[in-house]
Amino acid sequence: MQYRKNIKNNDNLSLLGLGCLRFFNKRGTIDEDVGIDLIRKAIKAGVNYFDTAYIYLNGQSEVILGKALKDGYRDKAFIATKLPHFLVRKPKDIEKLFNTSLQRLQTDYIDYYLIHMLCDIAVWNKLEKFGIKQWIKDKKEKGIIKNIGFSFHGRYEEFENLIEAYDWDFCQIQYNYLDINYQAGTAGLRYANKKGLPIIIMEPLRGGLLVNGLPKEAGKLLEEKNITPQELGLSWLFDQPEVTVALSGMSSEEQLNDNVVLTDKYPANSLSAEQKQLATEVKKLIDVNIKVPCTACRYCMPCPSGVNIPACFATYNEKYTLKHKKTLLNYERNTGSYGSKPGNAGQCTNCGACVKLCPQNINIPVELAAVKKDIETPFFKFHNSATRILFGTKNKD
């Protein structure tokens with residue numbers, strides 16, 4: 001197993017981490033035995049970073065991980081779990097939610113604790129008012145929390161704001177060869193690394209879409225090159241020294257064994273120029289069916305109305321290239337629609353300021369109207385409104 005050093009505290013973390021979200025049996029129901037067996041086999045294979053959350057599998061993910069780490073396994077694992085800030089209504093809720101996680105995990109400390117799904121600075125400011133900085137300080141002084149971080153889904157600008165808002169120990173971002181230009185993206189990876197933060201990667205294979213959802217032409221190209229889709233995606237990540245841990249939601253021993261082999265095969269800076277180009281070529285084949293020829297150059301940004309133009313187009317395009325079944329959720333996350341300053345297409349006022357700035361000569365307001373019509377259905381409005389109320393970001397600043 002390849003390990004990378006946490007540049008903050010010298011922990012040796014397995015480059016391959018296990019995302020504890022897919023413990024299902026053949027009938028598709030949650031199965032403790034499957035999860036426990038997979039976690040222990042992962043530890044024996046050298047994996048030592050296990051990512052869960054308060055809300056995963058309705059709480060069962062933490063329970064399964066806790067049971068798996070009994071009988072001497074706890075000392076061989078770093079536990080990462082998350083505070084669901086959207087369930088925090090008053091200051092004492094933070095402690096209550098944290099204690100529930102400790103009980104489920106059958107442990108008296110958390111190695112890597114994250115604020116789950118921070119989308120913008122307004123959410124962090126709310127938690128600040130509830131005294132979270134002092135709460136974190138107390139927990140760290142007592143050794144109950146070893147490292148504090150956050151997982152991010154939102155606009156790049158908000159990622160920078162959050163990085164600067166607190167002295168974090170690490171962060172977690174969605175990143176893969178398709179997501180280089182939205183959410184935190186490559187710029188966010190490098191920004192966090194420059195700030196001295198270990199970076200945990202989620203969605204390295206887009207929940208399997210970069211394995212099972214590739215166009216036929218991309219599949220044929222990979223066959224010709226004798227490389228599997230998962231090898232392409234993981235090797236692309238492993239090659240980047242800024243990546244500390246890449247989380248994989250493995251659900252079988254076969255997937256575990258395959259990924260362990262790949263982890264050992266690709267140390268940082270090991271890919272040839274030709275191998276790197278292959279990811280670019282596959283991305284181009286994915287992009288053949290795009291609706292809007294946006295290159296995410298961001299010359300159109302910032303939008304006077306706050307629209308995250310590249311993210312709107314990227315998610316819209318993805319719906320028709322990878323046939324993503326969770327377009328709504330992805331759209332809300334990528335455009336920062338849960339935050340206090342949503343960047344979805346519906347915010348466009350048709351001012352036209354972006355049109356003259358676009359090197360691709362895209363009629364941006366017209367295309368944003370198409371995005372709005374396609375994705376911002378009545379259900380989107382209901383779901384987004386409900387989620388913003390839940391997150392405490394109902395009113396726009």
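Key figures
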{"read-out": "Calculated FRET value between Lys44 and Gln360, using beta carbons and R₀ = 56 Å, to 0.05", "value": "0.65"}
{"read-out": "Rounded FRET efficiency, nearest 0.05, which uses the C-beta distance separating Lys291 from Asp75 and R0 of 45 Å", "value": "0.30"}
{"read-out": "Separation in nanometres of the label points that stand 7 Å from Cα toward Cβ, at Lys373 and Glu254", "value": "4.4 nm"}
{"read-out": "Antiparallel DSSP beta bridges within the chain, percent to nearest 5", "value": "15 percent"}
{"read-out": "Prolate/oblate/rounded label for region 290-391 (Cα gyration tensor, a/c 1.5)", "value": "oblate"}
{"read-out": "Per residue convex hull volume, Cα atoms of the chain, in Å³", "value": "139 Å³"}
{"read-out": "Hits among aspartates and glutamates - C-alpha to C-alpha of Lys373 under 19 Å, sequence gap 8 or more where chains match", "value": "Glu318, Glu332"}
{"read-out": "Residue exposure sequence - Cys171, Cys348 - by fewest surrounding Cβ within 10 Å", "value": "Cys348, Cys171"}
{"read-out": "Listed residue pairs exceeding 23 Å between alpha carbons, taken from Lys41/Lys265; Lys8/Lys133; Lys8/Lys96; Lys220/Lys283", "value": "Lys8/Lys96"}
{"read-out": "Distance between modelled label sites at Lys142 and Ala353, nm, 7 Å Cα→Cβ extension", "value": "4.9 nm"}
{"read-out": "More than 19 angstrom apart: percent of Cα pairs within region 1-96", "value": "47 percent"}
{"read-out": "Trypsin sites (Lys or Arg not before Pro) restricted to DSSP loop in region 1-83 with at most 16 other C-beta within 10 Å", "value": "Lys8, Lys26, Arg27, Lys70"}
{"read-out": "Peptides ranked, highest mean first, by Cβ atoms within 10 Å: ranges 204-216, 126-138", "value": "204-216, 126-138"}
{"read-out": "Ranked list, fewest to most other Cβ atoms within 10 Å of each Cβ, for Met117, Met1, Met301", "value": "Met1, Met301, Met117"}
{"read-out": "Thr228, Thr29 arranged by Cβ crowding within 10 Å, fewest neighbours leading", "value": "Thr29, Thr228"}
{"read-out": "Partners for Lys146 among aspartates and glutamates (Cα-Cα distance below 17 Å; same-chain residues under 8 apart left out)", "value": "Asp11, Asp51, Asp75, Glu95, Asp108, Asp111, Asp138, Asp167, Asp169"}
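No lab work stands behind these numbers, since they all come straight from the coordinates. Quantities reported herein were computed from a predicted structural model and do not represent experimental measurements. Every residue, glycine among them, receives a Cβ derived from its backbone with ideal geometry; neighbour counts consider all protein chains shown.
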